[in-house]
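What follows is calculated from the coordinates using simple rules that are stated; it is not laboratory data. What you see is a predicted model; the values in this text were computed from it and never measured. Cβ: placed from backbone, ideal geometry, glycine included. Neighbour counts: every protein chain shown.
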Amino acid sequence: MINFEEFTDNLRRWAEERDLLDKDPHVQFTKIVEELGETSAAYNKQKHTELVDSVGDLLVTIVVFCHQIGINPQEAYNYAWEQIANRKGKTVNGVFIKASDLEEDDK
């Protein structure tokens, strides 16, 4: 099994070999939305193998998009983790709501 950094590096090379990196990122963004729809359908139908495949495809399309728009996926991943690692809040109806958003609701 490869780590996330290897995954993103492999994908950059894969996309480069297929001449995807210089293409219109709007097209890749459309692919992200398409894969998200497939992920939703697989989840709703409780089709585990299709769900694994579509989540993987979703990750691939997001990482390729990052490379197209000049965002290092590893930096984005690390930034996101730094933002949420110590975030306070509570889960309401299965959705985590950060403390600052809860405070806005109190106003």
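Match the structure shown to one of the listed values (i) 16, 53, 29, 3; (ii) 13, 31, 34, 19, 4, 0; (iii) 13, 39, 27, 14, 5, 1 of P(r) over Cα pairs in 10 Å bins from 0, in percent, computed from it, and give that label.
Of the listed options (i) 16, 53, 29, 3; (ii) 13, 31, 34, 19, 4, 0; (iii) 13, 39, 27, 14, 5, 1, (ii) comes from this structure.
What distance in nm lies between label points placed 7 Å from Cα along the C-beta direction at ARG87 and ASP101?
Output for this residue pair reads 0.7 nm.
Can you work out the Karplus-derived ³J(HN,Hα) for every residue in the stretch 52-57? Use 6.51 cos²θ - 1.76 cosθ + 1.60 with θ = phi - 60°, whole Hz, and x for glycine or proline.
4, 4, 6, 5, x, 4
For LYS47 paired with VAL27, estimate the spin-label separation in nm (one decimal), with each label point 7 Å from Cα along the Cα-to-Cβ line.
The answer from the label model is 2.7 nm.
Short version: ³J(HN,Hα) in whole Hz for each residue of the stretch 87-100, in order, from phi by Karplus 6.51 cos²θ - 1.76 cosθ + 1.60 (θ = phi - 60°), x for Gly and Pro, what are they?
Computed from phi, the couplings for the stretch 87-100 are 5, 9, x, 8, 9, 10, 6, x, 10, 6, 10, 5, 4, 4 Hz.
Trypsin sites (Lys or Arg not before Pro), restricted to the stretch 1-96: which are DSSP loop and have at most 14 other Cβ atoms within 10 Å?
Counting only loop positions with at most 14 other Cβ atoms within 10 Å, the trypsin sites (Lys or Arg not before Pro) in the stretch 1-96 are ARG18, LYS23, LYS45, LYS47, ARG87, LYS88.
Using modelled backbone amide H atoms (1.01 Å from N, in-plane), which distant-in-sequence or interchain residues come within less than 5 Å of ILE97's amide H?
Counting only residues 5 or more places away or on other chains, the set is LYS90, THR91, VAL92.
How about LYS88: which aspartates and glutamates have a C-alpha closer than 20 Å to its C-alpha, ignoring those fewer than 8 places off in the same chain?
Result set, ordered by chain and number: ASP101, GLU103, GLU104, ASP105, ASP106.
Just to check I understand the Karplus step: with θ = phi - 60° and J = 6.51 cos²θ - 1.76 cosθ + 1.60, what whole-Hz values come out for the stretch 29-42, glycine and proline as x?
Per-residue couplings from phi come out as 4, 4, 5, 4, 5, 4, 5, 5, x, 5, 5, 4, 4, 5 Hz.
Suppose the chain between PHE4 and ASN72 were pulled fully straight at 0.36 nm per residue; how much longer would it get relative to their current alpha carbon spacing?
23.3 nm
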